[in-house]
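The values are calculated or read from the model by the stated rules, or taken from the named source; none is laboratory data. In this text the structure is predicted, and so the values were computed from the model without any measurement. Here the Cβ is made from the backbone with ideal geometry for all residues, glycine too, and neighbour counts use every protein chain on show. Only protein heavy atoms, including side chains, enter the accessible area calculation; ligands, DNA and RNA are left aside. Shrake-Rupley method; radii C 1.70, N 1.55, O 1.52, S 1.80 Å.
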Amino acid sequence: MKGLLGDEYEDWLASYEKPPVSGLRLNNLKVDNEHFVTLTGWAVRRVPWTDNGYYLEAGEHPAKDPLHHAGLYYLQEPSAMTPAVLLPVRPGSRVLDLCAAPGGKSTELGARLQGKGLLISNDVSSSRAAALLKNLERFGIANSCVTAEEPERLAAVFGEFFDSILVDAPCSGEGMFRRDPSLVSAWMERGPEYYAPLQRRILAGAAAMLRPGGFLLYSTCTFSVCENEDNVRWLLQKFPDLTLVPLPLETVPGAVRGAYDLPVLRLFPHRLEGEGHFIALFQKKDRQTGAEEAYAGGSGVPDIPAQIICETGKFLQDSDFSAWERCLEKPFDHSRLMIKDERLYYLPDDFSTGWKLRYLRTGLLLGSCKNKRFEPSQAVAMALTVKGFSNVLCLRQEDERVLRYLKGESIALEDGEVLSNGWILVCLEEFPLGWVKYAGGLLKNKYYPGWRWQ
């Protein structure tokens, strides 16, 4: 670190005597900045390198606020917000988050797609991918698929498919020692020499899946040159159709260049309010002409075999799905529906049932289908809006029924609240929380048990 920082070494060392900062990133699919500040009244300051990031002051407890259950924000260290911000993503794009768990970056990428295009969020660990899935569903990201595969397997299936790929790679974690001192002992067991070859294998798989004209962003939370700049130079040498896209220093106030004077960004805790991070952006060029191809998504049409379409159509015809669907402001496009293992899915743009992968989720889970009965899912509740469903119970923030509902307890209608029998979308203010079933004057709490307030 002395060799890397020179005269700034003592300032960097002194920064470890200061407490780490905390932050949250808003879900702009659900709420804008001004409305969020009004709703919470919290003492927050803007993170300067992202439009929807905020610093949290001591004394705030956002993880225990019902607004968190409503998917309005993600708790995230401020420096860790940068990769998803700096990867070029447009609505309609095909995007891959290759090392996605627990979902801090995937949720932002999904929000930036605005419901158009395809997001593949992958983590090789099924257990970590389960947490990733919960965060994506809580955010209401409807056009995502969650997989648990090695990068080589994904590359064999997809080929040069993606417009944008994020590799926030597993690393030695040096940049997070202040925030999580337990990482020091982990570093002693597995340091940079262990992670650098793993990172190169992941990067090689990512490069193979990037379409000409597409962008690949590589990030770590370590200071190690062999995990950062050395990997950048290795990737450029191994894949000559990749070029390094210069990242302006003013993108992240306080950022500096790294080793070898490469146009990458390094974030140090003594230079900004955040932990250590490294970011490099690449673009793939056409191998024949050297020119960049147009940056665009695919056809937008999911590929569904005729047999599945037939089975889905039969369920829709014979079940009570239509009764639930009549409450929607905008019905789902039935050509995108797929029933599998008694579950009904809404498939995103460019999805193919021919991809033989280990999925935790394929698109938006609409609900379960048993004995011709349809029960809507927690995921579809979070993907709706208060205006998107006609049978809605809106609870104010101060209503004691909010916590009762989130705990899975019984709730009741109050005087003046009149609703139709059937499925009711419960909302906190105007933000969906989940379902209740109303029949015979009784409300049956259907809040997903795995999400309940602890």
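For the stretch 404-454, compute Rh as the Kirkwood radius over C-alpha pairs and then the Stokes-Einstein diffusion coefficient at 4 °C and 1.567 mPa s; write the answer in µm²/s, rounded to an integer.
Details: Rh = 11.4 Å.
Translational diffusion coefficient: 113 µm²/s.
Once the Cα atoms are used to define both axes, helix 192-209 deviates from the longest principal axis of the chain by about 60 degrees. I'd like the FRET efficiency for Asp11 and Gln397, computed as 1/(1 + (r/R0)^6) with the beta carbon distance as r and R0 of 41 Å, rounded to 0.05. Efficiency, rounded to the nearest 0.05: 0.45.
Which percentage, to the nearest 5, of the DSSP beta bridges contained in the stretch 1-134 is antiparallel?
Roughly 70 percent of the DSSP beta bridges within the stretch 1-134 come out antiparallel.
For the residue pairs Lys105/Lys285; Lys340/Lys407; Lys105/Lys372; Lys407/Lys437, the C-alpha atoms sit more than 28 angstrom apart in Lys340/Lys407; Lys105/Lys372.
Val157 sits with roughly 40 Å² accessible to a 1.4 Å probe, with DNA, RNA and ligands left out of the calculation. Take the stretch 325-434 with all the other protein chains still there, run a 1.4 Å probe, and you get 49 Å² of accessible area per residue.
Taking GluC sites (Glu not before Pro) in DSSP loop states with no more than 12 other Cβ atoms inside 10 Å as exposed sites, the chain has its longest site-free stretch at 58-328. All distinct Cα pairs of the stretch 318-414 go into the 1/r average, and the inverse of that average, the Kirkwood radius, is 15.5 Å.
Computed with a 1.4 Å probe on the full set of protein chains, the accessible area for Trp423 sits at about 30 Å². Among the protein heavy atoms, those of Lys370 account for about 120 Å² of accessible surface (1.4 Å probe, every chain in place).
Full extension of the segment from Arg46 to Val301, taken as 0.36 nm per residue of separation minus the current Cα-Cα distance, would add 87.9 nm. The share of accessible area on the chain that comes from carbon and sulfur is 50 percent, using a 1.4 angstrom probe. Applying 0.36 nm per residue to the separation of Leu413 and Val386 and subtracting their alpha-carbon distance, the gain on full extension is 7.9 nm. Take the convex hull of the alpha carbons in the chain; its mean projected area over all directions comes to 23.0 nm². Diffusion coefficient of the stretch 231-288 by Stokes-Einstein, Kirkwood radius over Cα pairs, 25 °C, 0.890 mPa s: 198 µm²/s.
For the chain, give me the percentage of DSSP beta bridges that are antiparallel, rounded to the nearest 5 percent. Taking every DSSP beta bridge with both residues in the chain, the antiparallel ones total about 70 percent.
Relative to the longest principal axis of the Cα atoms of the chain, helix 229-238 runs at roughly 80 degrees.
Accessible area per residue, 1.4 Å probe, Å², for the stretch 50-152: what's the number?
Values: 2900 Å² over 103 residues.
Counting only protein heavy atoms, the per-residue value for the stretch 50-152 is 28 Å².
How do Arg452, Arg211 stack up against each other in accessible area, from largest to smallest, with a 1.4 angstrom probe? Display every interim value, and only then the final one.
Working: Arg452 80, Arg211 40 Å².
The ordering from most to least exposed comes out as Arg452, Arg211.
Summarised as an ellipsoid, the stretch 299-339 has semi-axes of 19, 15, 5 Å, derived from the eigenvalues of the Cα gyration tensor scaled by 5 and square-rooted, with the largest first. Measure nothing but the geometry: give the 0 to 90° angle between the long axis through the Cα atoms of 306-318 and the longest principal axis through the Cα atoms of the chain, rounded to 10°. Compared with the principal axis, the helix lies near 40 degrees.
If the Kirkwood radius is taken over C-alpha pairs of the stretch 140-287, then at 37 °C and 0.692 mPa s the Stokes-Einstein diffusion coefficient equals 203 µm²/s. Place a point 7 Å from the Cα of Leu75 along the Cα-to-Cβ direction; which residues of the stretch 156-197 have their backbone N under 20 Å from it? Answer for the stretch 156-197: 176-183. Computed from the C-beta positions of Gln454 and Glu375 and an R0 of 25 Å, the FRET efficiency is 0.55 to the nearest 0.05.
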